[in-house]
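The values are calculated or read from the model by the stated rules, or taken from the named source; none is laboratory data. Everything numeric in this text was worked out from a predicted model, so none of it was measured. In this analysis, Cβ positions are derived from the backbone assuming ideal geometry, glycine residues included, and neighbour counts consider all displayed protein chains. Side chains included, ligands, DNA and RNA excluded: accessible areas come from the protein's heavy atoms. Shrake-Rupley method; radii C 1.70, N 1.55, O 1.52, S 1.80 Å.
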Amino acid sequence: MNKLLITNARIYTPLHPVFTGWLLAEDKKIFSFSKGQPSAELAAAADRTIDAGGKALLPGFIDIHTHGGLGYCTMDADPVRLRAIAERNAQHGVTGFLPTTLTARYKPTVAAIEAATSMIGERGKGAKVFGVHLEGPYFNLAKAGAQDPDSIRRADPKEVRDFIRAGKIRLIAMAPEYPENLAAGDIFASEGITVSAGHTDSNYVHLVEAAKHGFSLVTHLFNGMKAFSHREPGTIGGALTLDDYTVEMICDNVHSHPAAQNLAYRAKGSRGIILITDCIRPSGLPDGSYPFTDTVNVTVSENGTNLRLPGGNLAGSALTMDRALRNFSANTGASLDEIWRCSSLNAAIKIGVSGETGSIEKGKLADLVLMTDEFDVTHTIIDGQVVYER
């Protein structure tokens, strides 16, 4: 039975203000934690002890919207490539994620679902795969963004059920302004799948109605959606004011201005925001031109922070979850104690895994990240095992 002891850590939990203390992980789970120093007996029984030296000990990051990196993509439908993506994620504090599809035709979508599902339960040096995020194909062509316009369509009940049978979908993004997609929302929600409004031209009333059909999340707030107006609040206005919705945010300071991030935080609070990366295939690679899909390249510039299609549209990001949390803290002025849950627990709740992970609580899986005051990850721990350290 493996026992991992972490001492002298600033520990963040949902039940207490941050405190300096110790945590013991045993048999994959959080066995106990407390303020101060562990007993001599407990310390002697540990198989390994990590002296955190005052670093922050957080629940491991959960990224529910990430397409790939290092030249690989969920749409490759290749477990070997998914493992490489998972290992890169772990190096940035991610302990669990949803490989995310791109809008595509039926067969490649099914293949991607099947490949990602095959990774569930696999352990190695990478972050856990919790299931699949199906981003599309049921979008509004006017808000396609970087999604393939030729593959965008309205939901078909048979195809919806085929996708559900293909594997473990935990999240689906759709445009709710179409009756076909609202009906699909009912189907997905009835299967316990979280339904998100994304790549949509829906107005405020559409979002109100969508909440009655299982929609409870808004995909990458401010991007790929109807803009705000004081006369028609649009998707953004609905997302910020309707309590039915949690929102995703890409805090790379490119997809959303720091002031916009602060606005969202003031409107939704720490419980209403989920930080995501929306990483795509070239993330983690040097500046240059790289394939995005089989037919389209993306240009990476500004030291990997700006990814654009030939027409100038943004094409996902190269963000990492540790940088996302750092940026969000800086841009909102919020302390880590106030916003840690935006990188973990909120996502775990939304995709239905909070009973086992997403927060530091006794009996939950020891999925943890140690981080410096500069938000640099030093250790990533999954199921009580150190999978990354520097």
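Quick check: is even one residue across the stretch 108-123 touching a residue at least 60 places away in the same chain (Cβ under 8 Å), in contact with a Phe, Trp or Tyr (Cβ under 9 Å, 6 or more places away or on another chain), of a type in the set (A, V, I, L, M) and assigned by the TED database to the domain that holds E248? Give the steps one after another, and end with the answer.
Within the stretch 108-123, the subset touching a residue at least 60 places away in the same chain (Cβ under 8 Å) is 123.
Applying the additional criterion that residues be in contact with a Phe, Trp or Tyr (Cβ under 9 Å, 6 or more places away or on another chain) yields none.
Scanning the stretch 108-123, I find no residue that is touching a residue at least 60 places away in the same chain (Cβ under 8 Å), in contact with a Phe, Trp or Tyr (Cβ under 9 Å, 6 or more places away or on another chain), of a type in the set (A, V, I, L, M) and assigned by the TED database to the domain that holds E248, so the answer is no.
Which residues, taken from the stretch 22-33, are in a strand (DSSP E or B) and not β-branched (V, I, T)? Walk me through it before giving the result.
Applying the first criterion (in a strand (DSSP E or B)) to the stretch 22-33 yields 22-26, 29-33.
Listed by number, the residues that qualify are W22, L23, L24, A25, E26, K29, F31, S32, F33.
I need the full set of residues from the stretch 86-125 which are of a type in the set (F, W, Y) and open to solvent by 20 Å² or more (accessible area, probe 1.4 Å), in order please. Quick ask: steps written out before the conclusion?
Applying the first criterion (of a type in the set (F, W, Y)) to the stretch 86-125 yields 97, 106.
Y106 - this is the single residue of the stretch 86-125 that is of a type in the set (F, W, Y) and open to solvent by 20 Å² or more (accessible area, probe 1.4 Å).
Quick check on my filter: what residues within the stretch 195-222 are under 21 Å from N262 (Cβ atoms) and open to solvent by 30 Å² or more (accessible area, probe 1.4 Å)?
Across the stretch 195-222, the qualifying residue is only F222.
All but one of (1) touching a strand residue (DSSP E or B) at 6+ places or on another chain (Cβ under 9 Å); (2) part of a helix (DSSP H, G or I) hold for I172; which doesn't?
(2)
I need the strands (runs of 3 or more DSSP E) fully contained in the stretch 34-79, keeping only those with at least 3 residues that are in the same structural domain as P14 (by the TED database) and open to solvent by 50 Å² or more (accessible area, probe 1.4 Å).
Of the strands (runs of 3 or more DSSP E) lying wholly inside the stretch 34-79, those with at least 3 residues that are in the same structural domain as P14 (by the TED database) and open to solvent by 50 Å² or more (accessible area, probe 1.4 Å) span 48-51.
Evaluate the stretch 372-381: report whether one residue or more is outside any helix (DSSP H, G or I), touching a Ser or Thr at 6+ places or on another chain (Cβ under 9 Å) and either aromatic (F, W, Y) or closer than 22 Å to H255 by Cα (or both).
Taking every residue of the stretch 372-381 in turn, at least one turns out to be outside any helix (DSSP H, G or I), touching a Ser or Thr at 6+ places or on another chain (Cβ under 9 Å) and either aromatic (F, W, Y) or closer than 22 Å to H255 by Cα (or both).
This table checks each residue for (1) within 30 Å of G53 (Cα to Cα); (2) in the same structural domain as G124 (by the TED database).
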| residue | (1), (2) |
| --- | --- |
| V296 | no, yes |
| R308 | no, yes |
| G311 | no, yes |
| S317 | no, yes |
| T320 | yes, yes |
| A324 | yes, yes |
| S329 | yes, yes |
| A366 | yes, no |
| T372 | yes, no |
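Hey, can you tell me all the residues within the stretch 87-107 that are aromatic (F, W, Y), assigned to a strand (DSSP E or B) and touching a residue at least 40 places away in the same chain (Cβ under 8 Å)? Write out each step before concluding.
Filtering the stretch 87-107 for residues aromatic (F, W, Y) gives 97, 106.
In the following step, the residues that additionally are assigned to a strand (DSSP E or B) were identified as 97.
Those that are aromatic (F, W, Y), assigned to a strand (DSSP E or B) and touching a residue at least 40 places away in the same chain (Cβ under 8 Å): none in the stretch 87-107.
For residues that are in contact (Cβ under 8 Å) with a residue 12 or more places away in the chain and of a type in the set (D, E, K, R), scanning just the stretch 267-310, find the one that is most open to solvent (accessible area, probe 1.4 Å).
By that ranking, first place goes to R271.
Tell me, please, whether a residue that is closer than 25 Å to E159 by Cβ, among the charged types (D, E, K, R) and modelled with pLDDT of 95 or more can be found in the stretch 80-98.
So far as the stretch 80-98 goes, no, none of its residues is closer than 25 Å to E159 by Cβ, among the charged types (D, E, K, R) and modelled with pLDDT of 95 or more.
Of the numbered conditions (1) at pLDDT 95 or above; (2) among the small types (G, A, S); (3) more than 29 Å from W22 (Cα to Cα), A40 satisfies every one except a single condition; which is it?
(3)
So which residues in the stretch 1-16 are at pLDDT 95 or above and within 27 Å of the chain's Cα centre (by Cα)?
Applying the first criterion (at pLDDT 95 or above) to the stretch 1-16 yields 3-14.
If the condition is that a residue be at pLDDT 95 or above and within 27 Å of the chain's Cα centre (by Cα), then L4, I6, A9, R10, I11, Y12, T13, P14 are the ones that fit.
Conditions first: (1) open to solvent by less than 50 Å² (accessible area, probe 1.4 Å); (2) aliphatic (A, V, I, L, M); (3) assigned to a loop (DSSP other than H, G, I, E, B). L82 passes all but one, so which condition is the exception?
(3)
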